[in-house]
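Shown below is the structure under consideration.
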Amino acid sequence: MDTEIKNAVSATDQDAQYDDKAKRLLGNKIILAHILVKTVDEFRGMNPKDVVSYIEGEPFISVVPVEPGLTNVEKEENGQRIVGMNTENAEINEGLVRFDIIFYVRMKDGISQVIVNLEAQKDNPTGYHILNRAVFYVSRLVSSQKERDFVNQNYNDIKRVFSIWVCMNMDENSMDYIHLTADKLIGSYPWKGRLDLLNIVLIGISNELPEHDEKYELHRLLSTLLSMELTVDEKLEIIKTEYHVPVDDELRKDVSALCNLSQGIRDNTLVDVIMTMYENNFTLEQIAVATKKSVEEVSAIIKKREPVLA
């Protein structure tokens with residue numbers, strides 16, 4: 001039983017590490033720029049390399065709490081009260097749900113900004129509807145601006161927000177854009193205000209790597225980066241030759257770390273399949289055929305895990 005618990009903890013830890021590495025890979029500015037070009041209207045058609053300079057500072061990765069009242073932190077600098085993103089006391093607030101990635105983007109006018117939140121999901125959750133969660137997140141991105149990005153009742157200073165969700169292991173490649181619209185039910189009074197403040201983009205990534213064309217350009221990039229099947233060299237070759245992403249030591253390290261974790265997760269999954277078949281009285285030969293392993297490899301895996309069954 002102790003071994004079984006250790007295996008479960010190890011698998012959970014691997015999943016957590018994979019999530020962390022995936023977020024850090026997606027948080028690379030050139031990758032974020034490719035995402036912005038396909039999702040934010042002002043940057044459409046631009047070269048991602050030119051968009052990088054519009055991303056301000058370093059993205060906040062898994063450090064900003066989602067919970068109301070905890071997203072912002074108050075500081076005092078030179079006797080002045082300043083409100084900023086809460087990235088402190090991570091240990092005290094351990095266990096809180098945090099935004100995956102948040103960053104500010106300066107618009108081409110050099111004055112206005114938008115706030116972008118990028119969320120990565122291994123699949124479409126079954127416990128809740130992901131659009132409902134996205135609506136909550138985008139609402140928090142607006143409400144948390146009070147006293148940080150605008151003060152008192154200066155609601156005209158609210159910044160546009162984008163919450164972009166990347167969902168892996170979907171049945172098909174897809175992309176939906178959800179935003180506010182106005183339907184005039186009675187009269188034609190021109191109510192003032194901005195319908196473009198709230199923006200949600202849902203991106204579904206299928207298991208098969210799509211062809212490199214304009215329609216699925218972003219899907220192929222994301223699928224390549226997060227693939228659990230492609231090797232390090234295969235991933236780097238695609239992003240370097242097809243997307244002209246400069247491969248520096250940091251990017252190579254992040255891609256390599258993600259691939260290593262993917263291999264570990266695949267190996268653990270395969271072991272679980274083998275043990276389940278063994279417990280259900282499949283022969284070694286049948287297990288070998290189903291898992292594409294030799295009988296000797298199957299036997300070795302079972303012997304290694306047999307103490308768990310005791």
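Out of the residues in the range 150-176 that are of a type in the set (S, T, N, Q) and within 24 Å of residue 216 (Cα to Cα), which is most open to solvent (accessible area, probe 1.4 Å)? Walk me through how you get there before you give the answer.
In the first step, residues of the range 150-176 are kept if they are of a type in the set (S, T, N, Q); the result is 152-154, 156, 163, 169, 173-174.
If we keep only those that are within 24 Å of residue 216 (Cα to Cα) too, we end up with 163, 169, 173-174.
Details: 163: 0, 169: 89, 173: 30, 174: 41 Å².
For the range 150-176, the residue satisfying everything is 169.
Sort out which residues of the range 121-133 are of a type outside the set (S, T, N, Q) and either without any contact (Cβ under 8 Å) to a residue 40 or more places away in the chain or open to solvent by 30 Å² or more (accessible area, probe 1.4 Å) (or both), and write them in order of number. Explain how you work it out, then say what you get.
The first filter runs over the range 121-133 and keeps only residues of a type outside the set (S, T, N, Q), leaving 122-123, 125, 127-131, 133.
Within the range 121-133, 122, 123, 125, 127, 128, 129, 131, 133 meet the criteria.
How many residues are touching a residue at least 24 places away in the same chain (Cβ under 8 Å), open to solvent by 20 Å² or more (accessible area, probe 1.4 Å) and in a loop (DSSP other than H, G, I, E, B) when one looks only at the range 18-52?
1
Something else: Among the numbered criteria (1) modelled with pLDDT of 90 or more; (2) within 22 Å of residue 208 (Cα to Cα); (3) not basic (Lys, Arg), which one does residue 161 miss?
(2)
I need the full set of residues from the range 214-232 which are touching a Pro at 6+ places or on another chain (Cβ under 8 Å) and assigned to a helix (DSSP H, G or I), in order please. Show your work before the answer.
Going through the range 214-232, the residues touching a Pro at 6+ places or on another chain (Cβ under 8 Å) turn out to be 216, 219-220, 223.
If the condition is that a residue be touching a Pro at 6+ places or on another chain (Cβ under 8 Å) and assigned to a helix (DSSP H, G or I), then 219, 220, 223 are the ones that fit.
If I ask for residues that are closer than 18 Å to residue 48 by Cα, of a type in the set (Val, Ile, Thr) and either buried (at least 17 other Cβ atoms within 10 Å of the Cβ) or within 21 Å of the chain's Cα centre (by Cα) (or both), which ones from the range 226-248 would you list?
Within the range 226-248, 238, 239, 245, 247 meet the criteria.
OK, next. Out of all the residues in the range 233-265, which are in a helix (DSSP H, G or I) and modelled with pLDDT of 85 or more?
Kept after step one, since they are in a helix (DSSP H, G or I), are these residues of the range 233-265: 233-241, 249-265.
Correct list: 233, 234, 235, 236, 237, 238, 239, 240, 241.
I've got another one for you. Filtering the range 192-225 down to residues that are polar (S, T, N, Q) and buried (at least 19 other Cβ atoms within 10 Å of the Cβ), which residue is nearest to residue 244 (Cα to Cα)? Before you say what the answer is, go through the steps one by one.
Within the range 192-225, the subset polar (S, T, N, Q) is 199, 206-207, 223-224.
So of that shortlist, the ones also buried (at least 19 other Cβ atoms within 10 Å of the Cβ) come out as 199, 223-224.
Values: 199: 28, 223: 16, 224: 14 Å.
If we take residues in the range 192-225 being polar (S, T, N, Q) and buried (at least 19 other Cβ atoms within 10 Å of the Cβ), then 224 is nearest to residue 244 (Cα to Cα).
For the list (1) under 29 Å from residue 204 (Cβ atoms); (2) hydroxyl-bearing (Ser, Thr, Tyr); (3) exposed (fewer than 13 other Cβ atoms within 10 Å of the Cβ); (4) without any contact (Cβ under 8 Å) to a residue 60 or more places away in the chain, I need the number of the one condition that residue 189 fails.
(1)
Still on this model: Got a number for residues in the range 163-186 being more than 18 Å from residue 113 (Cβ to Cβ) and touching a residue at least 24 places away in the same chain (Cβ under 8 Å)?
Adding up the residues that qualify gives 14.
Another question, then. Scan the range 101-120 residue by residue and report those that are open to solvent by less than 20 Å² (accessible area, probe 1.4 Å) and in a strand (DSSP E or B). Spell out the reasoning first.
Of all residues in the range 101-120, those open to solvent by less than 20 Å² (accessible area, probe 1.4 Å) come to 101-103, 105, 107, 114-119.
Correct list: 101, 102, 103, 105, 114, 115, 116, 117, 118, 119.
Conditions tested, residue by residue: (1) more than 24 Å from the chain's Cα centre (by Cα); (2) at pLDDT below 65; (3) closer than 18 Å to residue 162 by Cβ.
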position	(1), (2), (3)
47	no, no, no
51	no, no, yes
54	no, no, yes
65	no, no, no
70	no, no, no
76	yes, yes, no
79	yes, yes, no
82	yes, yes, no
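Another question, if that's okay. Quick one: what pairs do we get from the range 277-299, first residue free of Cβ contacts under 8 Å to residues at least 24 places away in the same chain and surrounded by 12 or more Cβ atoms within 10 Å (Cβ to Cβ), second assigned to a helix (DSSP H, G or I) and among the acidic types (Asp, Glu), C-beta under 7 Å, 6+ apart or different chains?
295/285
Being within 16 Å of the chain's Cα centre (by Cα) and surrounded by fewer than 16 Cβ atoms within 10 Å (Cβ to Cβ), is that true of even one residue in the range 137-149?
From the range 137-149, those within 16 Å of the chain's Cα centre (by Cα) are 137-138; that's our starting set.
Keeping just the survivors that are surrounded by fewer than 16 Cβ atoms within 10 Å (Cβ to Cβ) gives none.
No, the conditions are met nowhere in the range 137-149.
Next question, about the same structure. Looking at (1) over 24 Å from residue 40 (Cβ atoms); (2) assigned to a loop (DSSP other than H, G, I, E, B), which is the one condition that is false for residue 169?
Of (1) over 24 Å from residue 40 (Cβ atoms); (2) assigned to a loop (DSSP other than H, G, I, E, B), only one is false for residue 169: (2).
The values are calculated or read from the model by the stated rules, or taken from the named source; none is laboratory data. Treat the numbers as computed from the prediction; the structure is a model and nothing was measured. FYI the Cβ positions are ideal-geometry reconstructions off the backbone, even for glycines, and counts take in every protein chain you see. Note: accessible area is taken over every heavy atom of the protein model, side chains too, but ligands, DNA and RNA are not part of it. Shrake-Rupley method; radii C 1.70, N 1.55, O 1.52, S 1.80 Å.
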